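Enquirer: Dumping the structure here so I can ask a few things about it.
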Amino acid sequence: MQHQQFREKLDAIHQWPTLYMFKFIVPADKITEVQAAFPTHETQTQASSKGKYVSVTVKMMAHSAEDIIEKYQITSQIEGIIAL
């Protein structure tokens, strides 16, 4: 049910295709896992002040809400990830 509500919200505010920005916070040792989920997309990273966590931003051209939901499903498997 959550996916359906999210899909409806995405469809209500976006016209497809659209450039979608993902933002995550991950433990520093998990950056490569996030990058692996977006193999053809450029990722921007910024380490926290103590270097324990990293903010990761990825811009992706999405052709449908399903493209976005699929990426969130993949990244949700990464231990310690926080999607913003």
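The values are calculated or read from the model by the stated rules, or taken from the named source; none is laboratory data. Because the structure is predicted, anything quoted here is derived from the model rather than measured. Cβ: placed from backbone, ideal geometry, glycine included. Neighbour counts: every protein chain shown.
Enquirer: Can you tell me which residue among Lys71, Lys59 is part of a helix (DSSP H, G or I) and modelled with pLDDT of 95 or more?
Expert: Selected residue: Lys71, the only one of Lys71, Lys59 that is part of a helix (DSSP H, G or I) and modelled with pLDDT of 95 or more.
Enquirer: So is Met21 at pLDDT 95 or above, surrounded by 15 or more Cβ atoms within 10 Å (Cβ to Cβ) and either closer than 18 Å to Gln2 by Cβ or in contact with a strand residue (DSSP E or B) (Cβ under 6 Å, 6 or more places away or on another chain) (or both) or not?
Expert: No, not satisfied.
Enquirer: When the residues of the stretch 55-84 are narrowed to those that are exposed (fewer than 15 other Cβ atoms within 10 Å of the Cβ) and in contact with a Leu (Cβ under 7 Å, 6 or more places away or on another chain), which ends up nearest to Gln4 (Cα to Cα)?
Expert: Met61
Enquirer: Looking at Thr32, Thr45 in this structure, which one is within 15 Å of Ile81 (Cα to Cα), over 12 Å from the mean Cα position of the chain (by Cα) and in a helix (DSSP H, G or I)?
Expert: Among Thr32, Thr45, only Thr32 is within 15 Å of Ile81 (Cα to Cα), over 12 Å from the mean Cα position of the chain (by Cα) and in a helix (DSSP H, G or I).
Enquirer: Counting just the residues of the stretch 49-84 that are in contact (Cβ under 8 Å) with a residue 12 or more places away in the chain and polar (S, T, N, Q), which one comes out nearest to Asp29 (Cα to Cα)?
Expert: Ser55
Enquirer: Quick one: how many residues across the stretch 31-54 are aliphatic (A, V, I, L, M) and loosely packed, with under 11 Cβ neighbours inside 10 Å? Show your work before the answer.
Expert: Kept after step one, since they are aliphatic (A, V, I, L, M), are these residues of the stretch 31-54: 31, 34, 36-37, 47, 54.
If we keep only those that are loosely packed, with under 11 Cβ neighbours inside 10 Å as well, we get none.
Total satisfying the criteria: 0.
Enquirer: Taking the stretch 1-29, which residues are part of a helix (DSSP H, G or I) and in contact with a helix residue (DSSP H, G or I) (Cβ under 6 Å, 6 or more places away or on another chain)?
Expert: Residues satisfying the conditions are His3, Arg7, Leu10, Asp11.
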